[in-house]
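Taking it in order: structure first as structure tokens, then the write-up.
What follows is calculated from the coordinates using simple rules that are stated; it is not laboratory data. No experiment lies behind these values; they were computed from the predicted model shown. Every residue, glycine as well, gets a Cβ built from its backbone with ideal geometry; the counts of neighbours run over all protein chains shown.
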Amino acid sequence: MGDTDAPVVGVDLGGTKVLALALAPGVGRDGSLRPGQVLASRRTDTPRGGPAVAEAIVDAIAGAVSALDGELVSGGGAPAAAVGIGAAGLVDLGGVLRFAPNLPGVVDLDLNTELAGRLGRPVVVDNDASCAAWAEHELGAAAGATTSVLVTLGTGIGGGLVVDGVVQRGAFGFAGEPGHMLVDPHGPPCPCGRRGCWERFASGSGLGRLARDAAAAGRADGIVERAGGDAEAVRGEHVTAAASDGDDDARRVLAEFAWWVAVGVANLVDLLDPEVVVVGGGLADAGDLLLDPVREAYAGLVLAHDHRPAARIVAAALGSDAGAVGAALLAGA
Ligand SMILES: [Zn+2]
């Protein structure tokens with residue numbers, strides 16, 4: 001889209017942080033992201049609340065891009081040719097952020113028009129997890145695959161789908177929300193207003209809930225100890241910490257949790273038949289401690305496991321930069 005000899009900027013607009021980074025020209029052509037190819041970055045708090053929150057968000061993004069431009073130019077380079085934005089929420093095909101549960105007060109924010117006008121260059125806007133999926137597909141854990149799925153296991157679950165080398169946006173832009181696949185219509189309430197969404201079971205908050213249930217039944221002493229002795233204070237990271245120390249109760253909770261992760265992964269593989277399922281988000285830091293039991297449970301859940309090539313279930317490679325990197329790649333395409 002932009003001048004191919006100029007950098008591109010990617011912005012990850014999240015519920016707490018705005019991360020903007022400038023990628024060197026040509027990144028992605030060889031399927032890797034090397035040290036030094038992120039030329040500059042800026043991280044600020046996401047403006048929250050108040051009647052002018054939408055304007056404040058646009059200002060924050062425009063300010064970050066200007067700051068990066070300044071850094072690029074003072075380093076002897078060109079300003080960014082194009083800007084990609086990955087936003088936490090439902091982004092329609094026109095680049096309007098329709099609904100953003102983690103950005104209170106933001107509804108129908110036309111990021112594309114507002115920012116293209118302010119910045120005077122091409123802007124593309126997509127969902128943050130779709131951007132991250134594209135980054136992992138192009139430069140990260142799914143490099144070389146034709147079809148891949150990213151699921152990010154954090155407080156909730158985000159996701160993105162790449163089919164035959166194209167990010168899937170759906171008819172209206174809202175494709176790729178695996179966290180809200182219903183896996184138990186009678187399950188716990190979800191912040192989305194429904195019950196039993198996959199993210200109620202397979203996110204960090206789902207893991208915390210499983211662990212608190214185990215604690216209430218007297219089956220999680222080692223986990224509760226790591227939460228300062230307060231069973232109500234148990235969170236996902238206490239489980240992974242105890243499990244990595246070899247605590248048997250924690251391993252059992254983690255195996256139960258892994259089964260729930262595998263339920264969603266198997267559904268996604270049944271639907272899309274990817275070569276790779278990339279697991280990102282904070283819980284991916286647990287690595288094979290989590291992914292090995294997920295792989296094991298997945299084998300018993302996916303359709304015809306013994307009669308199909310195995311989808312690889314791997315940890316994400318790009319960490320918390322993936323959304324911004326993917327947004328930049330989409331802008332530079
Ligand atoms: Zn939900």
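For helix 53-74, report the angle its Cα long axis makes with the longest principal axis of the Cα atoms of the chain; keep it between 0 and 90° and round to the nearest 10°. With rounding to tens, the tilt is 60 degrees. Where does helix 128-139 land angle-wise versus the long Cα axis of the chain, in degrees 0 to 90, nearest 10? That works out to roughly 80 degrees.
Reported to the nearest whole Å, the Cα centre-to-centre distance from segment 163-236 to segment 16-64 is 28.
Relative contact order of segment 136-216: what whole-number percent is it, with Cα pairs under 8 angstrom and at least 6 residues apart? About 22 percent, as a whole number. State, as an integer percentage, the relative contact order of the chain based on alpha-carbon contacts under 8 Å between residues 6 or more apart. Averaging sequence separation for qualifying contacts and normalising by length gives 21 percent for the chain. Each distinct pair of alpha carbons in segment 192-263 adds a 1/r term; the inverse of their mean, the Kirkwood radius, is 11.9 Å. Ordering 41-51, 271-281 by mean Cβ neighbour count within 10 Å, with the highest value first, yields 271-281, 41-51.
How big is the Kirkwood radius of the chain, worked out from every pair of different alpha carbons and given in Å to one decimal?
By the Kirkwood definition, the hydrodynamic radius is 20.5 Å.
Per-residue ellipticity at 222 nm computed for the chain from its helices equals -11500 deg cm²/dmol, with DSSP H segments shorter than 4 residues left out and the rest contributing -39,500 (n - 2.57).
Spin-label model, LEU90/ASP59: points 7 Å from Cα along the beta carbon direction are separated by 2.9 nm.
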